[in-house]
Amino acid sequence: RDTDRSRGLGDVYKRQARRCHYDRLYSILLSNIAGIYYLKNDSTGLKYALECYELGHERKDPYLIYSGSTNTAYMYYLKSDYNTALKYIQEAEFTMVQNDFYDQSNVYNLYGYILHKLNKDDEALGFFRKALDLKEQGNISSVMNSYLGYAEILMEHHQYDRAVRMLKAGIELSYQQANAIYRSDLLKALSRCYEAVSYTHLRAHETDQY
């Protein structure tokens, strides 16, 4: 199965990483392994993220703490343990701001997604706005994810016009920068948004007839 294969590959990479003579490089490799599991939507990467996080604290290394806590938050988010995910993303944000780490939009996106799952949509939108405010300093894929996350919440609250603007901005950016990550998700969300608008207009027309 894919999960078993992923777990096996992770252990192989970890054994290879242990052969490195530099402890920090080993920790960063652990973090990268956890990131690969996140991209695969596989929370098996939790053990690698936690090990990186714990090593960061042992060595008082801000980057490892930041990377480990971010990836650990991702893993708990995938496991639907949103309160624990929130604890780790709060630490990631604190460490990120203290050290002015790059691609802060990525952390604020995850913060927004977690708060959304905790039914705190006003706060979640605030973090997506923060992510977009920092779009000039972040990875293009992170900015595209900001537009997507923001729009998804707007759609749930039937604010379709605003959602369409967000989605179109994300799609336009994806083509401008030749970056396909999240493009399919943005296009699918835009389609759902148009369907919802059409249904709303249809219901309003039927109501007017009666």
Can you list the HN-Hα couplings for region 154-163, worked out from phi with the Karplus curve (6.51, -1.76, 1.60; θ = phi - 60°), rounded to whole Hz and with x for Gly and Pro?
4, 5, 4, 9, 6, 9, 5, 4, 5, 5
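Just to confirm the filter: which chymotrypsin sites (Phe, Trp or Tyr not before Pro) across region 26-116 are DSSP coil and have at most 16 other Cβ within 10 angstrom of their Cβ? Let's see the in-between values first.
Details: sites: Tyr26, Tyr37, Tyr38, Tyr48, Tyr53, Tyr63, Tyr66, Tyr74, Tyr76, Tyr77, Tyr82, Tyr88, Phe94, Phe101, Tyr102, Tyr108, Tyr111, Tyr113; in loops: Phe101, Tyr102.
Answer by residue number: Tyr102.
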Over region 103-175, what is the relative contact order in whole percent, taking alpha-carbon pairs under 8 Å and six or more residues apart?
31 percent
³J(HN,Hα) computed for each position of region 189-196 - Karplus, 6.51 cos²θ - 1.76 cosθ + 1.60, integer Hz, glycine/proline x:
5, 5, 4, 4, 5, 5, 4, 5
Can you list, largest first and rounded to whole Å, the semi-axes you get for region 26-141 by taking the square root of 5 times each eigenvalue of its Cα gyration tensor?
21, 17, 13
Quick one: what are the phi-derived ³J(HN,Hα) couplings along region 96-113, Karplus 6.51/-1.76/1.60 with θ = phi - 60°, whole Hz, x for glycine and proline?
4, 5, 4, 10, 6, 6, 6, 6, 5, 4, 4, 5, 5, 4, 4, 4, x, 4
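Since every read-out is calculated from the coordinates, none of them should be taken as a lab result. If you're wondering where the values come from, they're calculated on a predicted model, not measured in any experiment. Glycine gets a Cβ as well: all are built from the backbone with ideal geometry, and neighbour counts include every protein chain shown.
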